[in-house]
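Structure record follows, encoded as structure tokens.
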Amino acid sequence: MHHFDLITAHLRLDEPHIKALKKLGLFTVADLLLHLPQRYENISDIQSVGSLDKGQDAVVFGQLGGLTTRKSWKSKTPISEGWVEDGTARIKIIWFNQPYLAKMLTDGIYVKVAGKVAGSGKKIYLTNPEVERLDSLPIDRHDSIFKNTETLDETLYPIYRETKGVTSKWFYHTVQKFFAGGVLNTLPDPIPEAVLKRYNLPSLSTALIWIHTPKKAEHAESARKRFAFEEVFYIQIAKAKERAAIITSSSYVVKTDPKHIKAFTERFPFPLTNAQAKAIEDILLDFGGKHPMSRLLEGDVGSGKTAVAATTAYAVATSRPPNKNKIGVTKDGPSASGKLSDLEYGNLQVAYMAPTEILAKQHFESFITYFKHLPIQIGLITGSGCFKFPSKGDSEKPTPISKAQLLKWVKNGEIPILIGTHALIYKSVEFKYLAHVIIDEQHRFGTGQRRALAKKDERMPHLLSMTATPIPRTLALTVYGDLDISLLDEMPKGRKSIITKIYAPSQMEEIYEHIKSELKDGRQAYVICPRIDEPDPSKENALQLKSVKQEAERLKKLVFKDASIDILHSKMTPTEKDSVMRKFLNHDIDILVATSVVEVGVNVPNATNIIIEGAERFGLAQLHQLRGRVVRGTFQPYCFAVTSKDTSGKSGKTMERLKALTKAKNGFELAEYDLTLRGSGELYGMKQWGLTDIGMEAIKNIRMVKVAREEAQEIITNDPELTKYPTIAEKMTKVSKNLHME
Ligand code: ADP
Ligand code: MG
């Protein structure tokens with residue numbers, strides 16, 4: 001048996017089984033071994049039903065039976081009853097006021113039941129216990145896991161992620177079978193022994209044994225630590241490789257005179273914040289080097305990233321292209337007078353890519369205000385048309401032009417700044433001297449895409465990636481491991497700070513009254529709902545969360561009868577979304593009901609109110625980002641975070657967590673809170689970073705992330721092609737696929 005053998009080479013499986021494994025992405029024996037348990041149950045924690053006593057906290061496994069639902073004749077509240085039986089005895093269960101629960105459950109299913117034992121003497125029962133449905137009992141007294149417990153000191157047994165057709169138990173037994181087949185001897189450990197030793201991590205085979213059959217909780221923990229480290233380590237290797245590839249390539253040197261930059265920024269209708277000034281300084285320093293910049297500009301919505309981007313674009317557009325002999329040397333920038341009149345066409349070029357058409361247009365408009373005094377042409381390319389600034393007739397206005405014309409001017413270098421959507425990276429777009437790429441909100445822009453943009457040019461453009469997505473520092477160090485980071489951790493002065501309040505659903509009237517008066521004053525509002533559609537009404541047990549479509553209808557019918565209301569969600573096409581956003585921007589819509597995926601960054605200064613329904617479902621950082629949409633204008637902005645249930649009393653934790661919103665200084669602080677308060681697995685939107693749950697555990701540990709980073713950099717510095725590390729090299733193909741959508 002070998003670790004790269006197909007599972008089917010060793011086991012006889014039927015079709016549904018094979019399908020189920022495929023769905024989990026498990027093909028080889030190694031895949032199966034790396035399908036790690038999600039958690040462990042401790043057999044000694046489980047009680048037999050026969051042994052339960054009044055007042056005890058019970059956790060029992062068994063089969064449900066005798067389910068009935070009736071209404072109490074006095075209070076008319078629905079009462080459901082049933083029992084759970086485990087072979088030793090049965091105990092009654094009573095659910096008050098949860099008729100949907102009994103409907104979801106059926107007689108005969110396997111469950112885990114946890115709750116306090118009530119009643120007295122022999123008449124004991126469980127009220128409103130937690131019930132977890134199981135595909136099978138993870139243990140039963142006739143089961144071999146239970147029989148084998150003499151080999152386990154702490155009687156821990158693993159619980160695996162299941163899918164229809166493969167149970168947790170099946171995983172357990174199959175893994176044991178493969179262990180017995182000697183597969184562990186064929187597994188090479190990708191992590192160098194020295195690294196393992198240095199950080200006291202178990203070897204791969206030990207870690208596998210410990211994680212699948214821990215004799216002690218510490219063993220499982222230690223094994224998880226190794227796998228967490230391993231995941232981050234691979235990402236760091238991939239990032240270090242990318243970085244090395246970039247660092248050794250050449251770029252256009254952009255030399256600028258600080259005087260000219262100062263003259264440019266002094267024309268802004270505001271003074272730069274210190275953070276903006278520092279970011280510009282960082283970037284200009286990078287520009288002066290021989291190798292391309294790779295920098296991330298991280299800053300909350302409204303922190304002024306566009307002005308920074310414009311300044312860097314200015315620096316590039318006023319820099320001379322290389323002359324024939326000297327690569328990348330700029331002898332002189334604009335003339336000493338600061339005038340650009342002696343600049344010719346054919347200067348270095350900038351591409352600025354935005355995630356949506358509407359954002360591209362907004363950037364184009366901002367750039368026009370920053371550049372209108374200069375003889376620098378700016379192009380806009382989107383799926384629905386192209387523009388150029390300035391127009392021949394009116395030096396203050398842009399003019400529509402054909403795509404062919406625009407592309408011609410970009411290719412011959414007449415247009416030094418090109419703003420656009422993804423259309424920018426189409427094959428047909430060619431630059432003369434593309435020196436700088438600015439990317440707004442697109443964290444997965446890999447080296448390959450960057451190279452592709454530069455087309456045949458052997459030089460790699462500088463890269464400035466911008467994001468408003470607040471993530472914890474450890475995660476940034478990992479997923480942006482190949483980038484240097486500049487932080488805009490300071491908001492422009494004079495911004496009205498947002499008034500954030502936490503509400504329960506019973507207090508909606510108060511919010512609606514406020515919104516009504518705001519609408520009367522000519523303002524607009526967002527309403528954010530957790531869902532697009534109402535859940536299947538037959539599934540009464542589903543969480544009752546507000547949905548965009550139904551909420552929009554309800555608001556129109558019952559609350560804001562005179563307002564113009566429209567919706568926006570992820571299932572709409574980009575064109576539909578754009579059109580709605582435009583209408584909202586033009587104030588043809590008063591209230592926009594939307595899901596949370598609505599594009600970040602769209603600036604609608606007149607929308608000063610945001611209601612977020614089901615607020616406890618969101619991460620704090622995400623809530624912060626959502627409310628960031630209303631801090632753009634000069635009017636007082638408001639955010640109403642509404643919980644989906646009345647959270648008086650027992651859900652005090654929810655309220656406490658949400659209260660952080662009213663206190664935190666910025667999104668990064670909230671992202672750190674999220675990480676500590678919610679647990680890494682739940683951290684909002686973490687899947688998008690390409691990390692598994694176990695990888696996320698590493699993210700909670702700054703030391704582990706730093707160590708993985710240092711070790712990875714060390715390896716790549718000494719052996720960039722990984723010739724001495726074939727197993728790591730092999731892993732890299734998989735990792736890069738995960739990291740980029742290339
Ligand atoms: P984001 O970082 O979200 O992209 P923008 O660049 O769109 O932010 O800037 C938001 C608003 O703040 C814009 O209207 C911009 O003109 C303004 N702004 C940018 N920098 C400053 C500053 N230093 N002082 C005051 N206003 C600023
Ligand atoms: Mg922006």
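The values are calculated or read from the model by the stated rules, or taken from the named source; none is laboratory data. No experiment lies behind these values; they were computed from the predicted model shown. Backbone-built Cβ (ideal geometry, glycine too); neighbour counts: all protein chains shown. Areas reflect the complete protein model, heavy atoms only, side chains present, ligands, DNA and RNA absent. Shrake-Rupley method; radii C 1.70, N 1.55, O 1.52, S 1.80 Å.
Only residues that are open to solvent by less than 20 Å² (accessible area, probe 1.4 Å), modelled with pLDDT under 90 and in contact with an Asp or Glu (Cβ under 7 Å, 6 or more places away or on another chain) were counted in region 477-503, giving 0.
Of everything in region 525-562 that is hydroxyl-bearing (Ser, Thr, Tyr) and open to solvent by less than 80 Å² (accessible area, probe 1.4 Å), the residue that is modelled with the lowest pLDDT is Ser547. For region 262-290, the candidate set comprises residues that are part of a loop (DSSP other than H, G, I, E, B) and within 16 Å of ligand 1 (Cβ to nearest atom); within that set, the residue that is most open to solvent (accessible area, probe 1.4 Å) is Arg267. Which of the numbered conditions does Ile485 fail, given that it passes all the others? Conditions: (1) within 16 Å of ligand 1 (Cβ to nearest atom); (2) touching a residue at least 40 places away in the same chain (Cβ under 8 Å); (3) in a loop (DSSP other than H, G, I, E, B). Ile485 satisfies all of (1) within 16 Å of ligand 1 (Cβ to nearest atom); (2) touching a residue at least 40 places away in the same chain (Cβ under 8 Å); (3) in a loop (DSSP other than H, G, I, E, B) except (3). Of all residue pairs spaced 6 or more apart or on separate chains, those with beta-carbon atoms under 6 Å, a first member in region 291-312 that is under 16 Å from Ala351 (Cα atoms) and open to solvent by 10 Å² or more (accessible area, probe 1.4 Å) and a second member that is within 8 Å of ligand 1 (Cβ to nearest atom) and not in a helix (DSSP H, G or I) are Lys305/Gly299; Lys305/Met466. Inside region 237-261, residues that are closer than 20 Å to Leu297 by Cα and assigned to a helix (DSSP H, G or I) make up a count of 7.
Close contacts from region 558-585, counting a first residue that is closer than 29 Å to Glu513 by Cβ and part of a helix (DSSP H, G or I) and a second that is at pLDDT 95 or above and not charged (D, E, K, R), with Cβ to Cβ under 6 Å and a gap of 6+ residues or different chains, come to Val559/Tyr512; Lys583/Ile589; Phe584/Leu592. Of all the residues in region 36-65, those that are without any contact (Cβ under 8 Å) to a residue 40 or more places away in the chain and more than 14 Å from Ala89 (Cα to Cα) number 1.
Within region 509-522, being in contact with a strand residue (DSSP E or B) (Cβ under 8 Å, 6 or more places away or on another chain) and open to solvent by 20 Å² or more (accessible area, probe 1.4 Å) holds for Glu510, His514, Glu518, Leu519. Hey, does region 327-336 have a residue that's within 16 Å of ligand 2 (Cβ to nearest atom), of a type outside the set (Lys, Arg), open to solvent by 10 Å² or more (accessible area, probe 1.4 Å) and at pLDDT below 95? No; the residues of region 327-336 include none that is within 16 Å of ligand 2 (Cβ to nearest atom), of a type outside the set (Lys, Arg), open to solvent by 10 Å² or more (accessible area, probe 1.4 Å) and at pLDDT below 95. Taken across region 565-588, residues that are of a type outside the set (Ser, Thr, Tyr), open to solvent by less than 40 Å² (accessible area, probe 1.4 Å), in contact with a Pro (Cβ under 7 Å, 6 or more places away or on another chain) and within 23 Å of Glu441 (Cα to Cα) do not occur at all. Screening Glu682 with (1) acidic (Asp, Glu); (2) at pLDDT below 80; (3) buried (at least 19 other Cβ atoms within 10 Å of the Cβ) gives one miss only, at (3).
For region 395-419, the set of residues classified as among the small types (Gly, Ala, Ser) and within 22 Å of His373 (Cα to Cα) consists of Ser395, Gly413, listed by residue number.
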